[in-house]
1. If contacts are Cα pairs under 8 angstrom and at least 6 residues apart, what is the relative contact order of region 162-275 in percent?
2. Rounding to the nearest 10 and keeping the result within 0 to 90°, find how far the Cα-based axis of helix 219-231 lies from the longest principal axis of the chain.
3. So for region 1-153, what are the equivalent ellipsoid semi-axes in whole Å, largest first, each being the square root of 5 times an eigenvalue of the Cα gyration tensor?
4. Divide the volume of the convex hull of the Cα atoms of region 68-129 by its number of residues and quote the answer in cubic angstrom per residue.
5. Please build a GNM for the chain, connecting alpha carbons under 10 Å apart, and tell me which residue among 216, 25, 147 fluctuates the most.
6. In whole angstrom, note down how far apart the Cα centers of region 210-282 and region 82-109 are.
7. So if I take the alpha carbon set of region 99-223, get Rg, then get Rh from the Kirkwood formula, what is the Rg over Rh ratio?
8. Restricting things to alpha carbons, find the Rg to Rh ratio for the chain using the Kirkwood radius for Rh.
Amino acid sequence: MKILRTKNAVKSFCLNLQLNKITIGFVPTMGALHQGHLDLIKKAKDNTGSVIVSIFVNPTQFNNIEDFEQYPKSLHNDLELLENIGVAAVFIPENQEIYPDKPILKIDFGLLEQRLEGAFRPGHFNGVGIVVSKLLNIVKPDKAFFGEKDLQQVAVIKRLVMDLSFDVEIVVVPTVRDKDGLALSSRNLRLNPVERNKALTLFRMLSYAKSELFNGGAWLDILLHVKHEFSQISDVRLEYFELVHAEDMSKQDSFNKDIPLSICVAAYVGKVRLIDNIPVNH
Ligand code: AMP
């Protein structure tokens, strides 16, 4: 496995693959790797000839300095996991390599980012759009792999690729969970055992809401119950719990079998902000 630290090193590594007609799969990450990341990498390995992973905690997508500073890091372990799973190269740039200067460009995703994460994390998707554009321009992959865990991010990136004509196929991989349902996330490392237990409320409520919807429950009643349940748990603060169109993220308020629906949630558990979502009918 090659460890690449500069844009030029990545470009020449990838050019060599392209000259040899080897397709490139790209998996961008922020490190502290877990099985969710490894599923993306497995999918990339099954679908392309050579896989490149990036590890970069992108400062421009954090709207909260504490979240950025406390973001878990485990580079040694990450490299071991990547070596074992068999990726061709890992790109680990310093901040300066990606941001020689603070970008002045602003990317506005319009309606796609006015709710959910976009509403609660102002500027987040601008930062995501900029870093993903930079990484796609550096790696020039045939396919790039993203997790459904970050559903709104998937919508934003698909739109970015369409609007800016990036020559890449976006492949979406289902959310990987622990046995008890908790969605894997690097931020779970910041939860103590009591908090981890409370964090299960997110998946418990998503599952409850999905089954109630299937049984003909009215969304507003379901929502009331969910909010009540969250309010009963100390140190857990619900930010949003929404039924949305899974592709354009528009707000929905009833079950409709003809629209791909997902339920999305964000909540603080102690000081850690977690997100999750569940597909309802697709
Ligand atoms: P991150 O390192 O958190 O920025 O995530 C890197 C990629 O892994 C993103 O495309 C995420 O959506 C994806 N990812 C994170 N957690 C999971 C999970 N539990 N299951 C599947 N994909 C995930």
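The values are calculated or read from the model by the stated rules, or taken from the named source; none is laboratory data. The model shown is predicted, which means the values in this text are computed figures rather than measured ones. Cβ placement follows ideal geometry from the backbone for every residue including glycine, while neighbour counts extend to all protein chains displayed. Note: accessible area is taken over every heavy atom of the protein model, side chains too, but ligands, DNA and RNA are not part of it. Shrake-Rupley method; radii C 1.70, N 1.55, O 1.52, S 1.80 Å.
1. Worked out over region 162-275, it gives 23 percent.
2. Here the helix axis deviates by roughly 80 degrees.
3. 25, 17, 16
4. Hull volume over Cα atoms, normalised by residue count, gives 150 Å³.
5. In the Gaussian network model the winner is 216.
6. Using only Cα atoms to place each centre, the spacing works out to 32 Å.
7. 1.03
8. Dividing the radius of gyration by the Kirkwood radius yields 0.97.
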